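Structure first, commentary second.
The values are calculated or read from the model by the stated rules, or taken from the named source; none is laboratory data. Quick caveat, the model's predicted, so the values are computed rather than measured. When we count neighbours, we look across all protein chains shown, and the Cβ atoms used for this are built from the backbone with ideal geometry, even at glycine.
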């Protein structure tokens, strides 16, 4: 079975990466590498990758767009962190708006429900007034009043949706 | 980017806040960046096969490092942590749809080097290496690069890749064998 590693591997890698391989290395290490299959393979792979690494580092200097400076990275990180912090700070506020909107709708429904019996005579007065001003419009008014009297929960739900929808849409679609 | 248009006062506040909340001050960061940015960029370029993507990931890696809650026992620990972030960013990128990550596969499509001599052989070897590396698994690629281009110890590689040091020897051996197997033998046109 082929050996998976060799005790000389770190030494050989250090020599290749330090450009000491093979001339500036100990003769015994060179002799070992020639005889050891693992070390031969390590030399081959490390030499190739080191060469590739050096070429890539040289290529940085020849790029049209240099790497960003430390100052630029620091500055962008600072601004980004602040923006994130601000966004995190407004998150409870958004929840607050939502709770406030829901409470308002609930209060509106409760208020209308409580006041509904006292509002019924007002519909009668309104119908009489419309009938007196314009007999033609009276039939339409009668129909509206009848609907309001008969379908109170539906009317309140529709009203609540009309109020809540723009608020919800605003919260959902606004830019962060 | 409209959110990044800040007043002078906000700029100062952002910088003050950074000094207070980041795990190192600006001077320390500058020194650390000068020492690590090029090797990390090369690592990202070789892992993704795309230098423009490496630019973006480099910035993101340092940003995440600055925002990390971790405490670092030494410069080496911090450097290893940075490589770990960079490695995770590369892996995250690979999980995205394939259309986003053409460049690495481009290396696979390059022609095999024929028998070349002189200065051409270096370029051919580079293409051959790029092609062979592109065929490796991402973790193997990271492992080989850290071990043989950066000279990281087994412990450091294990820390960066989140592996057990005890299993690294075997994994590295396997990766090295696979890379050697994918490389064109010197002077030959066919891969083994």
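Output the number of residues of region B:61-76 satisfying the condition of being away from chain A (no Cβ under 14 Å) and free of Cβ contacts under 8 Å to residues at least 40 places away in the same chain.
The qualifying residues number 2.
Going by what's in this entry, would residue B:34 be described as modelled with pLDDT of 85 or more, farther than 14 Å from residue A:81 by Cβ and touching a helix residue (DSSP H, G or I) at 6+ places or on another chain (Cβ under 7 Å)?
So residue B:34 fits the description; yes.
For region A:1-23, what are the residues that are away from chain B (no Cβ under 11 Å) and within 18 Å of residue B:151 (Cα to Cα)?
A:7, A:8, A:11, A:19, A:20, A:21, A:22
Which residues, taken from region A:55-75, are more than 30 Å from residue B:127 (Cβ to Cβ) and in contact with a helix residue (DSSP H, G or I) (Cβ under 7 Å, 6 or more places away or on another chain)?
Within region A:55-75, A:70, A:73, A:74 qualify.
Being surrounded by 14 or more Cβ atoms within 10 Å (Cβ to Cβ), out of contact with any helix residue (DSSP H, G or I) (no Cβ under 6 Å at 6 or more places or on another chain) and not in a helix (DSSP H, G or I) is the requirement here; does residue B:23 meet it?
Against the criterion (surrounded by 14 or more Cβ atoms within 10 Å (Cβ to Cβ), out of contact with any helix residue (DSSP H, G or I) (no Cβ under 6 Å at 6 or more places or on another chain) and not in a helix (DSSP H, G or I)), residue B:23 qualifies.
Within region B:48-86, how many residues turn out to be buried (at least 21 other Cβ atoms within 10 Å of the Cβ) and closer than 22 Å to residue B:14 by Cβ?
4
Which numbered condition in (1) closer than 15 Å to residue B:145 by Cα; (2) more than 7 Å from chain B (Cβ to nearest Cβ); (3) buried (at least 17 other Cβ atoms within 10 Å of the Cβ) is the only one that residue A:47 fails?
The number of the failed condition is (3).
Scan region B:133-178 for residues that are surrounded by 20 or more Cβ atoms within 10 Å (Cβ to Cβ), outside any helix (DSSP H, G or I) and more than 8 Å from every other protein chain (Cβ to nearest Cβ) and report the count.
Qualifying residue count for the region: 1.
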